Amino acid sequence: MADEDDKRNSRVPAVSGAPPKLGRRDLLMGLSTVPALGLFGYAWNRQQQYRRGREAAAAATPAAAAGLQEINVALLGAGAQGQVLMEAMLRIPGLRFRAVCDIWTEYNLRRVVNTLKRFKQEPNGYADYREMLDKEKELDAVIVATPDFWHARHATDALKAGKHVYCEKEMSNTLEGARSMVLAQRETGKLLQIGHQRRSNPRYIHCYQKLLGEAKLLGRIVTVNGQWNRAVAPDLGAPDRYAIPEATLKQYGFKDMHQFRNWRWYKGLGGGPIVDLGSHQIDIYNWFLGAPPSGVMASGGLLYYDPKTHEWHDTVMVMYDYDTPVGPAKAYYQTQTTNGSQGYYESFMGDQGTLLISESELNYAGQLYRDPNAPAWDEWIQKGYVSAPKEQEAKEQTGSGAIADVRESVAPDQHTVPVSLRDPYHQPHLQNFFDTIRGKATLNCPAEIGYESAVSVLKVNEAIEAKSRLSFKPEDFKV
Ligand SMILES: NC(=O)c1ccc[n+]([C@@H]2O[C@H](COP(=O)([O-])OP(=O)(O)OC[C@H]3O[C@@H](n4cnc5c(N)ncnc54)[C@H](O)[C@@H]3O)[C@@H](O)[C@H]2O)c1
């Protein structure tokens, strides 16, 4: 099960700026399938095919409609996620990449600048973001996709330089950092969108507005559970020839290349899987329940990975209390990194139905179950809010010989959410940011919402240390 977060586990970044090298298999294929061309002819032909493919892709970059205000953007942080965002932005009309900034100049910076050039963009490359902000006067917006511990500095400095900012989640690895971002946004009046991209996903918006809001299909939500299970993965590495000099690493807060590549696992840099992965889904708990949590208990530990290179917990189980506008609720969340089964999803259970949703539509189509005693959903099926039910078969006696107990409750009918996202996951959230710059929308995840989510998630690590239930006061969520 893979999503954008999982792409970081790949040793080869998602977008390749360099032409592909010919492998042994290619050479053998060349010899067997195109003997007339010969080996060098085959190689030349492959390079030409590749060039034509890239040109076709570049030509396919959407043209801006007449009168569309062009937005000058910079990408700050050109790693795995920076490249995912760049790919999504290349599909959005009316954007001009003016600059890319990354301290890994010989690898990520070069790769992304080269890729953008193939897409008829002409970005200047920088290692130092302050130099970029100084020199690139015409920039309208900065997209921040650096490690979490850099977000506060990068976002506040860009806001103070008069730029709108799209900053990846987690907003910051510290509450002080996140607060400073909210304050800088207010002070400058510039836009700050936090990268909780599910907030702009049409499937989630449909569930929130139509199914929970208008139709109230779940009734009163009393329990929630969700998870992000990720399979064991080796630490990220880097080719020796692209190692960053130690002095440069230190200047930017990394002790060595291992820490630079695996910053998520280190205290003071990231927050471990609960922050990295949990922040996406706990943000949805708050959104769908209509309130941030009132208390949290959590248990976590480093059960599997090497403590010399992994400082945060690889396994975390959390229980939140919520006082929602319609009554109390409890929400369970787990993240573990030793077994990927069942991937990631959020499940909301009300007194009339259940919604099981995930960003990964491939694995979870968005199932809805109506409790047998709940009012019929015919009106909502007719309106196209939910699909017609797939009836669960009564299993009195199955082929396996299992016998249903007469006291067992009847399995509820299964419906699905009839909305799909055909674009990359991040595209609608970026589009919402650019539409808001153009005055045609409002942000789906402004600084205050990102802050609520950061408070809810960062407290989990505190609760694990405290080994007891911690309370949230309403003012904890306000800046
Ligand atoms: N929304 C999502 O689904 C999603 C998915 C993955 C990652 N993310 C977030 O994106 C951010 C980046 O994650 P990633 O997986 O791309 O990490 P990464 O390590 O692959 O990339 C980080 C990049 O930032 C560069 N960098 C580090 N410090 C810098 C500095 N001071 N100035 C300029 N460049 C610097 C590094 O050289 C690297 O290229 C994180 O905040 C992460 O939580 C979000």
In nm, what is the difference between 0.36 nm times the number of residues separating residue 160 and residue 65 and their Cα-Cα distance? 31.1 nm
Net lengthening on full extension, residue 323/residue 118 (0.36 nm per residue, minus Cα-Cα): 68.6 nm
Output the pairs from 137/163; 169/440; 210/383; 137/160 with a Cα-Cα distance over 18 Å in this structure; if there are none, say none. 169/440
If I model a spin label as a point 7 Å beyond the Cα along the Cα-Cβ vector, how far apart are those points for residue 131 and residue 381 in nm? 6.4 nm
If you find the alpha carbon centre of segment 284-362 and of segment 117-170, how far apart are they in angstrom? 32 Å
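Summing +1 for each Lys or Arg and -1 for each Asp or Glu, what net charge is found among the other residues whose Cβ lies under 11 Å from the Cβ of residue 105? All intermediate terms of the calculation are to be shown ahead of the outcome.
Numbers: positive: 110, 111; negative: 102, 106, 128.
Neighbour charge sum, excluding residue 105 itself: -1.
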Tell me which residues come under 5 Å, amide H to amide H, from residue 94 once H is placed; ignore anything under 5 positions away on its chain. 64
Would you compute, for the Cα atoms of segment 279-338, the largest minus smallest coordinate along each principal axis and list the three values in descending order, in whole Å? 46, 19, 15
Isotropically averaged projected area of segment 94-150, using the convex hull of Cα atoms (one quarter of hull area), nm²: 4.2 nm²
Give me a comma-separated list of calculated 3J(HN,Hα) values for segment 272-286, in order, Karplus coefficients 6.51, -1.76, 1.60 applied at θ = phi - 60°, integers in Hz, x for any Gly or Pro. x, x, 4, 7, 5, 9, x, 4, 4, 8, 5, 4, 6, 3, 4
Sequence order, segment 235-246: Karplus ³J(HN,Hα) from phi using 6.51 cos²θ - 1.76 cosθ + 1.60, θ = phi - 60°, Hz rounded, Gly and Pro as x, gives 4, 6, x, 7, x, 3, 5, 9, 4, 7, x, 4
Once phi is turned into ³J(HN,Hα) by the Karplus curve 6.51 cos²θ - 1.76 cosθ + 1.60 with θ = phi - 60°, what whole-Hz value does each residue of segment 377-385 show in order, with x for glycine and proline? 9, 3, 4, 6, 5, 4, 6, x, 6
Residues with amide H under 5 Å of residue 413's amide H, sequence separation 5 or more or different chain, H placed in the peptide plane at 1.01 Å from N; which? 370
Can you give the relative contact order of segment 67-198 as a percent, counting alpha carbon pairs under 8 Å and 6+ residues apart? 22 percent
Three principal axis lengths of segment 257-385 [C-alpha, angstrom, descending]: 58, 33, 21
Dividing the convex hull volume of the Cα atoms of segment 67-198 by its residue count, what figure in Å³ per residue is obtained? 106 Å³
For residue 344, which sequence-distant residues (separation of 5 or more, or a different chain) have an amide H within less than 5 Å of its own amide H, given hydrogens modelled in the peptide plane? 229
May I ask you to work out the translational diffusion coefficient for segment 122-162 at 10 °C, viscosity 1.306 mPa s, via Stokes-Einstein with Rh from the Kirkwood sum over Cα pairs, reported in whole µm²/s? 147 µm²/s
Local net charge near residue 122, Cβ-Cβ under 9 Å (Lys/Arg +1, Asp/Glu -1): +4
Grab the other residues whose beta carbon is less than 11 angstrom from that of residue 383, score K and R as +1, D and E as -1, and report the net. -2
If each of residue 332 and residue 241 carries a label point 7 Å out from its Cα toward its Cβ, how far apart are those two points in nm? 5.2 nm
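No lab work stands behind these numbers, since they all come straight from the coordinates. Keep in mind it's a predicted model, so treat the numbers as computed, not measured. Positions of Cβ are backbone-derived with ideal geometry, glycine not excepted, and every protein chain shown enters the neighbour counts.
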